[in-house]
Amino acid sequence: MFEPTAEQAEFRTQVARFVEAEIAPNATTWDRDPSDHPYPMHLFGQLGELGWLGVGFDESIGGSGGGPVDRCILFEELARGSAGAALGIYVHTSLAAAGLAAVANPALVERFVPKLLAGELTGAWAYAEPDSGADVTQVRLSAKRDGDNFVLDGAKMYITNATFADLILVVVRTAGEPGRLGGLSVLAVDGETEGLTRTPMAKLGMRPSELAELHFDQCVVPADRLVGELDTGFRQCLVVLSQGRVFAGALSLGLGQAAMEAALAHVVTREQFGAPLAAKQPVRATIADMVTRLRGVRELVYSSAMKLESGGHYDTDASIAKLVSSEAATWISERCLHLHGANGYMLDSPAQRYYRDCKINEWGEGANELQREMIFEALTKGYRP
Ligand SMILES: Cc1cc2nc3c(=O)[nH]c(=O)nc-3n(C[C@H](O)[C@H](O)[C@H](O)COP(=O)(O)OP(=O)(O)OC[C@H]3O[C@@H](n4cnc5c(N)ncnc54)[C@H](O)[C@@H]3O)c2cc1C
C-alpha cells in the first residue's frame, strides 16, 4: 500500500497551497478564454523558479531530484486545480524534457534540458498525424538527409503546446514505409523553423492547453538535432511514453478527485424536497462509488510510480493505472455533472469543465484499447495482477 514519506506529504501540501492560490481561482477564466492562446504561460516561469518543472529529473541536468512519486503528486494536485493547465506542464516536462533526457546525446541534453526545466524554454512532443493516431507505425512525415541537415515535409496534428513551443520533439520517418516502427527517428525542431506553419486547433476540453496542426514545408533541421539513434530513435522513446502513463494516471486522478469534491460540495448544499440532495440514498451511494474508485486509482497510480522509482517492471502496472484512472475520471465527471443538474450544465460551472476535460486521457499515451491489448499480452508472459 502506498504511504507517502514525510517529505512527499510536505511537497503535496506546498503544491496544493500553490494550486489553491494561483490555479484553481483562474481555471474557469482560462477555460473560457475565447482566444487562440489561452495557456497561462507564466506557469512555466513560476513552476521553473519553484523547481517543480525539474521534479523527477537529475540535478546534473538542471533537475530538482526526487522521483516519479513526487512527479505524480505534482500532476495530481495541478490537475485538481486545472487539468488543462496541468496537461501543458505534463507535455513539457514528461514528454519533451524527459524524451531528451532519456535518449538524446549529452550535447543536446546540456543545451536544452536545463532551460526547459527552468521554464526558460517551452517544449512539445509530436507524433500524431492525420493518418497516424493510435497506430504510430503510420507516421509519414518525411525527413530526408541532405548533407549536414534533414529536410522535413509533411504534417502533424493535435500537438499540445506546439502553438508556442520553442522546441518540438518531432517523430519523423527517416527510412522504410508506413506500417513499420523501424525507420522512425526523433528530431528536436525549433518552433520558429522556416517552413513550419503552426495553426491553432479549437477543441472540446482541456481548453487552457493549446493544440496545433503543424505543416512542414521543406523545413531544414540540422542533423545534430537527432534525438537518439537514426531509424530507431522513436523506439528508444517508447520508454518515455510508457513512463508517461504513470503521470497521465496521476493527472486523471487529480481530475477525478476534483470532480468528486465538487459533487460532494453540491449535494450537501443543494436542497430539494425539503432536504439536501445528500439525504437521498442514491445520491450518497454515487458519492461513495466515486470515492471507492478514487481509492483504487490512487493505489494503482502510486504503486506503479513506486515500481518505476525502484527500477522494477512497471510497464503493465502503468498501463493498468492509466487505463483505470482515465475511465474512473470519465465516470466520476459524468456523475458529477449529473448530480449538479442544470447548474452543472452552465459554462461557469466546474462540473461541465471536468466532463469535457476528462475524455482525452482515454486516448492519450496509447488508447485504452491498446492498453488492454498490452495487459493481455503481459498476462500470457506471466504477469500476475
Ligand atoms: C487534447 C489533445 C491533446 C493531444 N496532445 C498530443 C500531443 O501533445 N502530441 C501528440 O503526438 N498527440 C497528441 N494528441 C493526439 C493523440 O495522440 C491521439 O488522440 C491518439 O494518438 C489517438 O489517435 P486518434 O485520436 O487519431 O484516434 P484513432 O487512432 O483514430 O482512434 C479512434 C478510436 O478508435 C479506438 N482505437 C484505436 N485503436 C484501436 C484498436 N487497436 N482496437 C480498438 N479500438 C481502437 C480509439 O480508442 C478511439 O476510440 C492529442 C489529442 C488531444 C485530443
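Where a number appears in this text, it was derived from the coordinates with a stated rule and is not lab data. These numbers were taken from a predicted model, which means no experiment stands behind them. All Cβ positions, glycine included, derive from the backbone under ideal geometry; neighbour counts span all protein chains shown.
Residue separation times 0.36 nm, minus the C-alpha to C-alpha distance between Arg140 and Ala342: what's the value?
Numbers: separation 202, 0.36 × 202 = 72.72 nm, distance 4.54 nm.
Once the chain is fully extended between Arg140 and Ala342, it gains 68.2 nm.
According to the square roots a ≥ b ≥ c of the eigenvalues of the Cα gyration tensor, what is the shape class of the chain, taking rounded for a/c under 1.5, prolate for a/b larger than b/c otherwise, and oblate for the remainder?
Verdict is prolate for the chain.
Once you have the Cα-Cα distance between Met1 and Val220, take 0.36 nm times their residue separation minus that, and quote the gain in nm to one decimal. Each step should come with its number before you reach the end.
Details: separation 219, 0.36 × 219 = 78.84 nm, distance 5.08 nm.
Taking Met1 through Val220 to full extension adds about 73.8 nm, to one decimal.
Need one word for region 6-122: rounded, prolate or oblate. Basis is the Cα gyration tensor (sqrt eigenvalues a ≥ b ≥ c); a/c below 1.5 gives rounded, then a/b vs b/c decides. List each step's numbers first, then the result.
On the way: a/c = 2.30, a/b = 1.33, b/c = 1.73.
Oblate, because a/c is 1.5 or more while a/b does not exceed b/c.
Given the C-alpha centroids of region 324-340 and region 249-292, what is the distance between them in whole angstrom?
Their Cα centres are 10 Å away from one another.
Please list, by residue number, every one of the trypsin sites (Lys or Arg not before Pro) in region 291-385 that is coil in DSSP and has at most 15 other beta-carbon atoms within 10 Å.
Hits after loop and neighbour filter: Lys381.
Report, in deg cm²/dmol and to the nearest 500, the calculated mean residue ellipticity at 222 nm for the chain, where each DSSP H run with n ≥ 4 adds -39500 (n - 2.57) and the sum is divided by the residue count.
Values: 13 runs with 187 residues, N = 385.
Calculated mean residue ellipticity at 222 nm is -16000 deg cm²/dmol.
For a Förster distance of 56 Å, can you work out the FRET efficiency between the beta-carbons of Glu177 and Ala265, rounded to the nearest 0.05? Before the final figure, lay out the partial values.
Details: r = 54 Å, r/R0 = 0.97.
So the FRET efficiency works out to roughly 0.55.
Between the DSSP loop rule and a limit of at most 10 other Cβ atoms within 10 Å, which trypsin sites (Lys or Arg not before Pro) in region 142-205 are left?
Details: sites: Lys144, Arg145, Lys156, Arg173, Arg180, Arg198, Lys203; in loops: Arg180, Lys203.
For trypsin sites (Lys or Arg not before Pro) across region 142-205 that sit outside H, G, I, E and B with at most 10 neighbouring Cβ atoms in 10 Å, the list is empty.
With a 10 Å cut-off between alpha carbons and a GNM built on the chain, which of Gly62, Gly344, Gly311 moves the most?
Gly311
Less than 20 Å from a label point 7 Å out along the Cα-to-Cβ axis of Arg284: which backbone N atoms in region 332-372 qualify, by residue?
Residues 336, 339-340 qualify, since their backbone N sits under 20 Å from the label point.
Taking the Cα centre of each part, how many Å lie between region 173-187 and region 38-59?
32 Å
Can you list the HN-Hα couplings for region 242-258, worked out from phi with the Karplus curve (6.51, -1.76, 1.60; θ = phi - 60°), rounded to whole Hz and with x for Gly and Pro?
Karplus values, whole Hz, x for Gly and Pro: 5, 5, x, 5, 5, 6, 5, x, 5, 5, 5, 4, x, 5, x, 4, 4.
Taking 0.36 nm per residue of separation and subtracting the Cα-Cα distance, what length does fully extending Trp363 through Gln14 add?
On the way: separation 349, 0.36 × 349 = 125.64 nm, distance 3.07 nm.
Extending this stretch completely gives an extra 122.6 nm.
For Lys307, list the lysines whose Cα falls under 29 Å from its own Cα; do not include residues on the same chain fewer than 8 positions away.
Lys115, Lys322, Lys359, Lys381
Taking the mean number of other Cβ atoms within 10 Å as a proxy for protection, how do you rank 85-94, 188-197 from highest to lowest?
Taking the mean over residues of other Cβ atoms within 10 Å, the ranking is 85-94, 188-197.
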